[in-house]
Amino acid sequence: QVQLVESGGGLVQAGGSLTLSCAASGSVFSINAMGWYRQAPGKQRELVAVISGGRTNYADSVKGRFTISRDNAKIARNLQMNSLKPEDTAVYYCNLVTGTRNPTVYWGQGTQVTVSS
């Protein structure tokens with residue numbers, strides 16, 4: 001299978017910044033979408049930011065604070081998180097959708113982001 005390797009999670013104080021990275025390895029063809037989701041305790045997994053069809057979409061709660069970007073040298077996406085708030089605390093998951101005839105969804109193992117007040 002395609003593997004997604006995440007890094008950059010950790011503990012940060014409110015107002016601080018973190019950068020998450022996700023790199024894909026294996027046979028990756030026809031990328032439909034790649035980005036980040038998050039899941040807080042007791043809540044459903046939600047979209048944070050994604051690049052799909054050349055367009056970038058963000059959750060309303062992170063607009064103006066988070067920025068998703070491409071790595072120019074490999075299949076990877078970074079998430080720059082600024083002005084972090086305690087409500088951003090969650091497990092963040094990298095997501096990749098590949099293929100056009102039979103799309104396949106891949107998930108990373110998740111990386112913990114904890115924002116203290």
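The values are calculated or read from the model by the stated rules, or taken from the named source; none is laboratory data. Just so we're clear, the structure is a prediction, and the values are computed from it rather than from any experiment. Methodologically, a virtual Cβ is constructed for each residue, glycine included, from the backbone with ideal geometry; neighbour enumeration extends over all protein chains shown. Remember, those area values only see protein heavy atoms, side chains included, never the ligands or the DNA or RNA. Shrake-Rupley method; radii C 1.70, N 1.55, O 1.52, S 1.80 Å.
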query = Does Ala23 fit the bill of being within 11 Å of Cys94 (Cα to Cα) and touching a residue at least 40 places away in the same chain (Cβ under 8 Å)?
reply = yes
note = Taking region 94-110 and keeping residues open to solvent by 20 Å² or more (accessible area, probe 1.4 Å), of a type in the set (Ser, Thr, Tyr) and more than 13 Å from Ala23 (Cα to Cα) leaves Thr100, Thr104
inquiry  = Please go through (1) under 18 Å from Pro86 (Cα atoms); (2) among the aliphatic types (A, V, I, L, M); (3) touching a Phe, Trp or Tyr at 6+ places or on another chain (Cβ under 7 Å) for Val12 and return the number of the only condition it doesn't satisfy.
reply    = (3)
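Every residue, every condition in (1) at pLDDT 95 or above; (2) under 24 Å from Ser116 (Cβ atoms); (3) in contact with a Cys (Cβ under 8 Å, 6 or more places away or on another chain), yes or no:
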site: Glu6; (1), (2), (3): yes, yes, yes
site: Ser21; (1), (2), (3): yes, yes, no
site: Gly53; (1), (2), (3): no, no, no
site: Thr56; (1), (2), (3): yes, no, no
site: Lys63; (1), (2), (3): yes, yes, no
site: Phe66; (1), (2), (3): yes, yes, no
site: Ser69; (1), (2), (3): yes, no, no
site: Asn78; (1), (2), (3): yes, yes, yes
site: Pro103; (1), (2), (3): no, no, no
ask   = Among the residues of region 67-117, how many are assigned to a loop (DSSP other than H, G, I, E, B), out of contact with any Phe, Trp or Tyr (no Cβ under 8 Å at 6 or more places or on another chain), in contact (Cβ under 8 Å) with a residue 24 or more places away in the chain and of a type in the set (Gly, Ala, Ser)?
value = 2
ask   = Would region 28-38 turn up any residue that is surrounded by fewer than 12 Cβ atoms within 10 Å (Cβ to Cβ) and touching a residue at least 24 places away in the same chain (Cβ under 8 Å)?
value = yes
